[in-house]
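S.K.: The following block contains the structure, expressed as structure tokens.
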Amino acid sequence: MRIGLLTGGGDCPGLNAVLRAVTKSLIRQCGAEVIGIEDGFLGLIERRVRPLGWDDVSGILAIGGTILGTSNTASPFAWRGADVSADVVAYQRELGLDALVAIGGDGTMTIAARLGAVGGVPMVGVPKTIDNDIAGCERSFGFDTAVATVTDALERVQTTGQSHGRVMIVETMGRYAGWIALEAGIAGAADVILLPEIDYDVARIAEVCRARSARRRATLVCIAEGAKPAGGAMTVERTVAGSPDPIRLGGVAHRLRAQLQPLLASEVRATVLGHVQRGGSPTPFDRVLATQYGNEAARLLRRGEFGRMVTLQGGRLSSVALASVAGQNRCVPADHALLACAREIGVCLG
Ligand code: F6P
């Protein structure tokens, strides 16, 4: 058996743990030959691959990023204005691949499903993103590490904010979904948590800040990059490459600061965490989850269950059809238990 392996989309902590688990499982369980494809689908377009052996994936479990490289702009269906999917399918055949494992987010899953449909080799998907927004999957690896990083940042920002009696705004990533801001906001004791799923009211946030400063307390605001005020638009600093509709994200902490400052006597400061949330070594939870996902992907391959993405549902490993997750996003539902919990302990959700 000859299996191709690629990491697509933005990187995240735990990718190397998956590469290691897939490769070791396949070599050990069925003596498969594993071919690493460089820089995601770009490696299939530009014909850049290398063999992955046991030694190549040893010692990489705890290393951030991906040893294969990745790309979030290369789609075989729209490469420099052309559809090169037929060339990519031909190259897969030349390589003698029996199947391909694509580790990525919704963009990667969409391309994987489409390539399968136009005659590409059978695929198995592994869900990856710090945003935790992949449909059909309750935990993507990388999310736990991002939440830990943001929680640590919130705690640090809180002590300096408290010393100065300031309102401190911390902006997280997360794209269209508020999972990172919600979980880290709760873990980091934020007073205000703002998500893309709930439009916020600046006057209400100002009231929270004033009430806290009257008691000589700083206010900690955790805002997701996709959050916006009621009646407002998303901000314009960054476009997410490969999005089905290219909404623009980022810069929301500075916008909120500008909106709040005229309403308050306290000073307001904004911190944008950015890519620090995607870097570094995965948490133990993400190492375990990524290893389980990689091992499960190898099991699906051995059983010939193609066109599926490994997943976690109800805390159990399983798989869903790739086609059912392609092009979907999983946002925080209005009835999510953590939202009710946050409100009941007095967190302002906008
Ligand atoms: O999807 C992961 C993510 O980090 C989002 O949270 C963020 O909006 C986006 O990728 C950033 O993409 P880039 O690295 O291309 O700026």
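S.K.: Separation of the stretch 195-213 and the stretch 82-135 by C-alpha centroid, Å?
M.R.: 43 Å
S.K.: Kindly rank 34-41, 99-106, 282-289 from highest to lowest mean number of other beta carbons found within 10 Å of each residue.
M.R.: Highest to lowest by the protection proxy: 99-106, 34-41, 282-289.
S.K.: In addition: So which trypsin sites (Lys or Arg not before Pro) in the stretch 1-98 end up in coil per DSSP with only 14 or fewer other C-beta atoms within 10 Å?
M.R.: Hits after loop and neighbour filter: Arg47, Arg48, Arg80.
S.K.: Let me ask something else about it. Exactly which GluC sites (Glu not before Pro) in the stretch 90-180 are in a DSSP loop and have at most 16 other Cβ atoms within 10 Å? Don't jump to the answer; show the numbers that get you there.
M.R.: Numbers: sites: Glu94, Glu138, Glu155, Glu171; in loops: Glu138.
Answer in residue order: Glu138.
S.K.: Hey, can you grab everything whose amide H is under 5 Å from the amide H of Leu312? Only 5+ residues off in sequence or another chain; H modelled, so Pro and N-termini drop out.
M.R.: Glu138, Arg139, Ser318
S.K.: Let me ask something additional. For the chain, report the accessible area per residue in Å² (1.4 Å probe, heavy atoms, rounded to an integer). Don't skip to the end; give the middle numbers.
M.R.: On the way: 13810 Å² over 350 residues.
Using a 1.4 Å probe on heavy atoms only, each residue of the chain averages 39 Å².
S.K.: Further, regarding this structure: What is the stretch 1-101 by shape, rounded, prolate or oblate, if you read a ≥ b ≥ c off the alpha carbon gyration tensor as root eigenvalues and call it rounded for a/c under 1.5, prolate for a/b larger than b/c, and oblate otherwise? Numbers along the way, then the final one.
M.R.: On the way: a/c = 2.81, a/b = 1.36, b/c = 2.07.
Taking the square roots of the gyration eigenvalues as a ≥ b ≥ c, the stretch 1-101 is oblate.
S.K.: I've got another one for you. Taking all protein chains in place and a 1.4 Å probe, what share, in percent, of the accessible surface of the chain do carbon and sulfur account for? Present the calculation step by step, with values, prior to reporting the outcome.
M.R.: Numbers: 7040 of 13810 Å².
That fraction is 51 percent.
The values are calculated or read from the model by the stated rules, or taken from the named source; none is laboratory data. Remember, it's a predicted structure, so these values are computed and weren't measured experimentally. So basically every Cβ, Gly included, is an ideal-geometry build from the backbone, and we count neighbours across all protein chains shown. Protein only, heavy atoms only, side chains kept; ligands, DNA and RNA dropped before computing areas. Shrake-Rupley method; radii C 1.70, N 1.55, O 1.52, S 1.80 Å.
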